[in-house]
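This report refers to the structure that appears directly beneath it.
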Amino acid sequence: MSFLYLKRVRVRSQPGNYRPVSLTSVVGKLFEGLLRDHIQNYVVENGIMSSNQHGFMKDRSCQTNIIAFYDEVSKKLDSGDAVDIIYLDFAKAFDTVPHKRLLSKLRSIGLSEVVCTWIENWLQDRVQRVVVNGTFSTWSKVLSGVPQGSVLGPLLFNLFINDLGEGIMSKIWAAKWQMRFNVDKCKVMHLGCKNMQAPYTLNGTALGKSIMEKDLGVLVDNKLGCSKQCQAAAARANKVLSCIKRGIDSREEGVILPLYRALVRPHLEYAVQFWSPVLKRDIIELERVQRRATKLVKGMESLSYEERLAKLGLFTLE
């Protein structure tokens, strides 16, 4: 069974803004998990997975990805080189993976025919329809894509794009493997004092220039500054804190502190190893959120900030 969800900050009336998420059976998920572990062990033992892969990988995350990438960018800039970052976006990446090409890749890495045949049967003969206000569309066959919401889907997608980084000619890779770029979302950001700001095109369309992009949840500008990210993180954290203040009557430490740690502080610390603030005003911006949160706790109103931190077992964000 699948249901559609609307991507955030999108127009509800546009069908392209919806994404299908599959709800598979419990027994099916258990078997998918066993097969995923088997395939994962195989690709790790044989060194098949690219070292550039961070998504859906054990001991890796968006944070390790962004740190590894911008560490290389910083080294180039420190050496006086100019750097052009091109942000590419595949249109409906999970939904457009061609089944036959995916299976050919799985066979090419040496997976057994039994495993490949099982995956082929698992992908084939899927059908879907849409229900709007009680009106049903006709059933349509699903001819491409790995099911979003499945256990096995993320690993299959990783294996499909595993060779993407082997060459810079991404357009050729996309054409060969039938993946389309969403050109409107593809941008170029020029970094470095001596950058000539060369123009780039994709499929005959000039790529737009950007001075700031949201990369894996972190705002990055062409100076690699962190002020905008600090402001955004503080704004998100304050929004959640306001919801807690309005929606929770209790001010007991046992209620407020766990909510702060679970729902607010993660916004202030996500990928902070990369964008850790150095300017005093940015540090104050983040610290102000925690000052406000600690004052919500009953009995803490008259204490100094340092005393509140000590009693609550928290530390500063500096």
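What follows draws every value from the coordinates through simple rules; no lab data is involved. Keep in mind that this is a model prediction, so the values were computed, not measured. Here Cβ is always computed from backbone atoms with ideal geometry, including for glycine, and neighbour counts include all displayed protein chains.
List of remarks:
- Between Pro258, Pro98, Pro20, the GNM of the chain built on Cα springs shorter than 10 angstrom shows Pro258 fluctuating the most.
- Calculated from the structure at hand, mean projected area of the Cα convex hull in nm² is found among (1) 18.6; (2) 24.9; (3) 21.7 as (3).
- The GluC sites (Glu not before Pro) of segment 262-306 that DSSP puts in a loop, and whose beta carbon has at most 14 other beta carbons within 10 Å, are Glu301.
- Label sites at Ile86 and Lys228, each approximated as a point 7 angstrom past Cα along Cα to Cβ, lie 2.1 nm apart.
- At R0 = 35 Å, FRET efficiency that the Cβ-Cβ distance of Leu303 and Ser61 yields, to 0.05: 0.45
- Residue-span extension gain [Ala262 to Asp71] - 0.36 nm each, minus C-alpha spacing: 65.9 nm
- The slack between Ile284 and Asn52, meaning 0.36 nm per residue of separation minus the straight C-alpha distance, is 80.0 nm.
- Reachable aspartates and glutamates from Lys29, criterion Cα separation under 20 angstrom, eight or more residues apart if same chain: Asp37, Asp95, Glu120, Asp125
- Least to most buried among Ser79, Ser144, Ser104 (fewest other Cβ within 10 Å first): Ser79, Ser104, Ser144
- Distance between the 7 Å Cα→Cβ label points at Cys116 and Ser79: 4.0 nm.
- Pairs exceeding 29 Å between alpha-carbon atoms, taken from Lys176/Lys209; Lys76/Lys280; Lys214/Lys298: Lys214/Lys298.
- Chain lengthening between Lys29 and Ser276 when straightened (0.36 nm per residue, less Cα-Cα): 85.0 nm
- Segment 227-312 - convex hull of alpha carbons, volume per residue in Å³: 92 Å³
- Point-to-point label distance, Ser13-Ser137, nm (Cα→Cβ direction, 7 Å offset): 1.8 nm
- Value of [θ]222 nm, deg cm²/dmol, for the chain, DSSP H segments ≥ 4, -39500 (n - 2.57) each, nearest 500: -13000 deg cm²/dmol
- Shape metrics for segment 142-231, restricted to C-alpha atoms - Rg then Dmax, Å: 16.6, 49
- Shape metrics for segment 95-181, restricted to C-alpha atoms - Rg then Dmax, Å: 15.1, 48
- Rounded tilt (10° steps) of 99-108 against the dominant C-alpha axis of the chain: 90 degrees
- In degrees, nearest ten, helix 113-123 long axis to first principal axis of the chain (Cα): 70 degrees
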